[in-house]
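The values are calculated or read from the model by the stated rules, or taken from the named source; none is laboratory data. Bear in mind that the values here come from a model prediction, so they are computed numbers and not experimental data. With ideal geometry, Cβ positions are generated from the backbone for all residues, glycine too; neighbour counts draw on all protein chains shown.
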Amino acid sequence: MKYSDVNFETNQITISKARKTSKERNLEGFPTGKIKVYEGKTKTKSSSATIYVPPQAIDVLLKMKAKEDKDYNGYIVNDNGNPLSDTALRKRFYCLLDRAGIERKGAHALRHTCATKVYQQSQDITIAQTFVRHSQASTTSDMYVNPQEEYVKNKTKEIKF
């Protein structure tokens with residue numbers, strides 16, 4: 001992601017490209033310690049979007065930007081000054097899961113969690129659909145919005161017969 005993708009005033013991030021990173025290698029095939037960034041089209045038309053993000057996420061990005069001492073073509077970088085890679089993010093994610101004592105799941109599981117939490121708080125499937133950028137609300141409701149047992153139990157208590 002690039003800082004130019006982030007609107008710090010409106011709390012929005014624009015997703016317009018798919019980016020992948022890999023280790024840069026020298027002519028002998030050895031890693032140089034630098035990261036190469038490849039950009040391409042997003043998977044689907046609905047994958048490209050401008051989304052609202054919580055102010056806390058914007059605050060984290062502002063702090064990261066403030067402590068960077070060099071520019072890497074506008075990309076958001078890690079502590080080593082290299083663009084954030086999918087591998088580094090996955091390793092960090094697993095570290096956080098391990099520390100919290102949570103079973104390791106792929107980062108894609110965060111989409112399910114996000115859609116579920118957004119729906120539970122908003123009770124509006126179209127808002128959850130927008131967060132996960134599905135073209136149809138039925139995809140979101142069928143695949144991603146999984147009510148938690150405690151939530152169902154509490155809502156059941158509210159039903160009047």
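Of note:
- Condition met for Gln136 (surrounded by fewer than 12 Cβ atoms within 10 Å (Cβ to Cβ) and either at pLDDT 85 or above or within 15 Å of Ser47 (Cα to Cα) (or both)): yes
- Among the candidates Gly29, Gly40, Gly33, the residue that is on the phi > 0 side of the Ramachandran plot, at pLDDT below 85 and out of contact with any Pro (no Cβ under 7 Å at 6 or more places or on another chain) is uniquely Gly33.
- Taking the criterion of being closer than 15 Å to Tyr52 by Cβ and outside any loop (DSSP other than H, G, I, E, B), the residues of segment 1-33 that qualify are Asp5, Val6, Asn7, Gln12, Ile13, Thr14, Ile15.
- Extreme residue, nearest to the chain's Cα centre (by Cα), among residues of segment 94-123 that are among the small types (Gly, Ala, Ser) and either loosely packed, with under 10 Cβ neighbours inside 10 Å or farther than 24 Å from Val152 by Cβ (or both): Ala107
- Residue-level check: of (1) surrounded by 12 or more Cβ atoms within 10 Å (Cβ to Cβ); (2) modelled with pLDDT of 80 or more; (3) under 27 Å from Thr21 (Cβ atoms), Tyr144 misses just (2).
- Of all the residues in segment 34-68, those that are free of Cβ contacts under 8 Å to residues at least 24 places away in the same chain, out of contact with any Asp or Glu (no Cβ under 7 Å at 6 or more places or on another chain) and farther than 20 Å from Val132 by Cβ number 10.
- A Cβ distance below 6 Å, combined with a sequence gap of six or more or placement on separate chains, defines the contacts here; from segment 96-120, residues that are touching a residue at least 24 places away in the same chain (Cβ under 8 Å) reach residues that are of a type in the set (Val, Ile, Thr) and not in a helix (DSSP H, G or I) in the pairs Ala115/Val145; Thr116/Val145; Tyr119/Val145.
- Selection status of Tyr3, closer than 30 Å to Ser135 by Cα, of a type outside the set (S, T, N, Q) and surrounded by 13 or more Cβ atoms within 10 Å (Cβ to Cβ): yes
- Selected residue [within 15 Å of Gly74 (Cα to Cα), basic (Lys, Arg) and surrounded by 10 or more Cβ atoms within 10 Å (Cβ to Cβ)] from Lys17, Lys23, Lys41, Lys34: Lys17
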